[in-house]
Each structure stands twice: as C-alpha cells, then as structure tokens.
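Report on one structure; see the data block that follows.
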Amino acid sequence: MDDASAGAALVTLSLVTLLHLGVATVPLAWAMPAGVATLPLLHLGVATVPLAWADARTLRLPNALTVPGLVVTTAVVIVVGDELAGATLVGVLAVTAVGWRAGWLGLGDVKLLGWMAGASALTGTLDPTRLAAAAVAASALVLAALAGARAGVRAGAGAGARRATGSEHVTVRIPFGPALLAGFWFGVLLPVAR
C-alpha cells in the first residue's frame with residue numbers, strides 16, 4: 001500500500017470511527033449507570049484500533065482522533081465537575097508536555113496520555129495496582145520494540161531501524177501509541193482481588 005492509499009484509508013477509518021462514536025457510544029454512555037462520565041472511556045475504546053494502526057504505520061497519532069478524544073474528555077470533566085479528574089488531566093498533560101519538549105514523546109502521545117488519564121480518573125478504572133500493571137505492560141512493549149529494533153527488526157512502519165555495526169550510530173524511532181494503549185487496556189481489564 002503506497003502512502004496516498006494509506007492516508008486515504010486512515011482518513012476513511014477515522015471518519016468511520018467518529019461516526020460510530022456518535023451513533024453508538026453517546027446513547028450508550030447516557031444509558032449507563034455512571035452516565036456521561038463513561039463517554040471518554042467508551043470513545044477511547046472505539047478509537048483504540050485506529051490509533052494503534054495509524055501510529056504503527058506512520059509514527060503519528062492523528063489529530064482527527066486524538067483532539068476529539070481530549071476535547072470530549074475535557075468537556076466531560078467540566079460537565080461532571082470532577083475536580084480530581086480535572087487535576088489528573090491537567091497534571092498528566094503538564095508532565096508529558098515536558099517529555100514532548102525534551103523530544104521523548106510526540107505531541108500525539110501527550111494528547112493520548114491526557115485522554116487516557118482523564119478517562120480513567122472519571123471512571124475510577126485505574127487504581128494504583130492497575131496503574132502499576134498498565135505502566136509495566138506498556139514499558140515491556142516499548143522495551144521489546146527497542147530490543148527488536150536494535151536486533152535489526154523493523155520497529156513500526158517508517159522506523160527503518162537497522163542493525164548498528166561498529167561505531168555506526170543508528171537512531172531508532174518507535175511508535176509509543178500502541179504500547180500505551182495496550183498497557184492502558186491491560187490495566188483497565190486486569191482483574192484485581194479486592
């Protein structure tokens with residue numbers, strides 16, 4: 001698939017995802033006991049596969065998906081009036097913005113992490129045990145991708161990793177989005193004994 005076809009497929013997938021969000025998840029969120037507070041988490045569930053696919057393919061998390069997710073999460077935090085969720089959202093965005101400024105994260109990763117933090121704070125889905133499990137799972141996936149890249153395995157589309165020989169320096173770029181999303185859902189879905 002050439003870049004133009006991949007771009008067209010991504011736009012189509014993004015539009016279908018956003019349409020699905022409007023048709024399926026908004027009424028579902030209102031019908032759930034927790035109500036509108038679940039909307040960002042449901043939205044993230046719908047957008048997870050397109051986000052991971054896009055990042056793995058292009059090393060970019062598309063604004064067409066991350067911006068609406070962050071906007072919906074922020075709006076729900078304001079509507080619900082959850083001060084802890086608001087502080088969590090702002091705190092994560094502030095900390096990850098430092099990582100972006102240092103070149104450790106992409107701006108899409110910053111928006112995705114803010115979205116995930118707000119969604120989990122609104123629904124209480126990531127207690128300390130689950131948060132630790134999510135962080136370990138995401139870290140393990142990132143380390144596996146880096147190890148694969150170092151061994152010469154291609155680490156995500158466009159990364160073009162190659163084996164370093166001798167004193168040759170090779171810069172390896174890997175997509176963080178798929179690891180962040182997999183770690184997040186691992187933490188959310190992990191059964192924890194109470």
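The values are calculated or read from the model by the stated rules, or taken from the named source; none is laboratory data. Quick caveat: nothing in here was measured; it's all calculated off a predicted structure. As a convention, Cβ positions derive from the backbone with ideal geometry for all residues, glycine included, and neighbour counts pool all protein chains shown. The accessibility values were calculated without ligands, DNA or RNA, using every heavy atom of the protein model including side chains. Shrake-Rupley method; radii C 1.70, N 1.55, O 1.52, S 1.80 Å.
L59 sits among other residues whose Cβ lies under 11 Å from its own Cβ, and their net charge, with Lys and Arg +1 and Asp and Glu -1, is +1. Legend: calculated FRET efficiency, L84 to W104, from the Cβ-Cβ distance at R0 = 41 Å, rounded to 0.05, equals 0.95. In order along the range 130-147, the Karplus-derived 3J(HN,Hα) couplings, from 6.51 cos²θ - 1.76 cosθ + 1.60 at θ = phi - 60°, round to 5, 4, 5, 5, 5, 5, 5, 5, 5, 4, 4, 5, 5, 5, 5, 5, 5, 5 Hz, and Gly and Pro are given as x. Heavy-atom accessible surface of the range 61-138, averaged per residue, reaches 47 Å², computed with a 1.4 Å probe. Applying 1/(1 + (r/R0)^6) with r as the Cβ-Cβ distance of A94 and A144 and R0 = 25 angstrom yields a FRET efficiency of 0.30.
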